[in-house]
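The values are calculated or read from the model by the stated rules, or taken from the named source; none is laboratory data. If you're wondering where the values come from, they're calculated on a predicted model, not measured in any experiment. Every residue, glycine as well, gets a Cβ built from its backbone with ideal geometry; the counts of neighbours run over all protein chains shown.
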Amino acid sequence: MWRGRGSAALTMVTWVALLCVLVQMEPANAATYTVGGAAGWGFNSVTWPKGKRFRAGDVLVFNYDATMHNVVAVNGNGYKSCSAPAGAKVLSTGKDQIRLARGQNYFICGNSGHCQSGMKLAINAL
């Protein structure tokens, strides 16, 4: 009888320990990037990713003047045409954080003319 309880307790402890290790792995591997560096999310952000290597799970921090700009995650067509699909989520806090998905990630400023002036970002996360 004790053997069964001890075995179950040991199994539970093993699973809890494994879960703790797995939870801690993601943050240890993820990097945080401030889009545009010290200048923040702005009109010259299209070239900012050059030379950087992004991974799925990395976090992009978009710092900007919330009275003038915003951030909209779009698909490739939205990036090329500088248009957000109907119902797209518009982030507008001025300090938005977005976790990258594996593959292509596209972002634009949804305010009129801003994307066309270079306020857009394409990132491939491995």
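On the stretch given as the stretch 98-117, residues that are more than 17 Å from residue 34 (Cα to Cα) and either surrounded by fewer than 17 Cβ atoms within 10 Å (Cβ to Cβ) or at pLDDT below 95 (or both) total 8.
Looking only at residues in the stretch 37-55 that are part of a loop (DSSP other than H, G, I, E, B) and among the aromatic types (Phe, Trp, Tyr), the one that is nearest to residue 83 (Cα to Cα) is 43. Of the residues making up the stretch 54-77, those that are surrounded by fewer than 16 Cβ atoms within 10 Å (Cβ to Cβ) and either farther than 16 Å from residue 99 by Cβ or of a type in the set (Phe, Trp, Tyr) (or both) are 65, 66, 67, 68, 75, 76, 77. Evaluated against (1) within 18 Å of residue 108 (Cβ to Cβ); (2) out of contact with any Phe, Trp or Tyr (no Cβ under 7 Å at 6 or more places or on another chain); (3) hydrophobic (A, V, I, L, M, F, W, C), residue 56 falls short on exactly one condition, (1).
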